[in-house]
Amino acid sequence: STNCFSTQLMIHFQKLQIIMKKIKEPIWMFKMKEKFEKQEYKDLTEFMADFRLMIENCYRYNGPDHFVSKKAQKLETMMKQKIAFLSRELRE
């Protein structure tokens with residue numbers, strides 16, 4: 001029904017407002033993929049800045065003990081390991 005839809009829409013909007021209060025610079029994986037495909041990253045440093053921002057946003061929104069934050073921690077560790085294998089030229 002229309003009433004149910006409008007209630008869900010209102011709840012979604014309220015959640016979005018809460019997120020936007022906590023997260024000043026939103027970034028997510030799909031957005032990073034788009035930026036990569038459009039060659040908007042000049043170098044690995046810019047990509048990693050967005051990656052780090054995404055992880056920090058996750059911690060900020062969910063709190064450090066949330067299961068999503070725990071997954072983000074694992075992802076961050078994995079990314080650091082992968083970056084360590086890159087040649088020095090690519091890392092700088």
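The values are calculated or read from the model by the stated rules, or taken from the named source; none is laboratory data. Keep in mind the model is a prediction, meaning the values are calculated, not measured. Note: ideal-geometry Cβ built from the backbone for every residue, glycine included; neighbour counts use all protein chains shown. Quick note on the areas: whole protein, heavy atoms, side chains included, nothing else; ligands and nucleic acids left out. Shrake-Rupley method; radii C 1.70, N 1.55, O 1.52, S 1.80 Å.
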Open item on the list: I'm trying to understand the selection: among the residues of region 33-45, which are modelled with pLDDT of 95 or more and either within 14 Å of the chain's Cα centre (by Cα) or assigned to a helix (DSSP H, G or I) (or both)?
Closed with: Lys33, Glu34, Lys35, Phe36, Glu37
Task: Top-ranked residue in region 1-34 [being basic (Lys, Arg) and loosely packed, with under 10 Cβ neighbours inside 10 Å; ranked as nearest to Leu53 (Cα to Cα)] - done: Lys24
Open item on the list: Every residue in region 35-53 that is open to solvent by 100 Å² or more (accessible area, probe 1.4 Å) and either of a type outside the set (A, V, I, L, M, F, W, C) or in contact with a Pro (Cβ under 6 Å, 6 or more places away or on another chain) (or both), please.
Closed with: Glu37, Lys38, Gln39, Lys42
Open item on the list: Among the residues of region 10-19, are any among the aromatic types (Phe, Trp, Tyr) and either touching a Lys or Arg at 6+ places or on another chain (Cβ under 8 Å) or over 30 Å from Lys82 (Cβ atoms) (or both)?
Closed with: yes
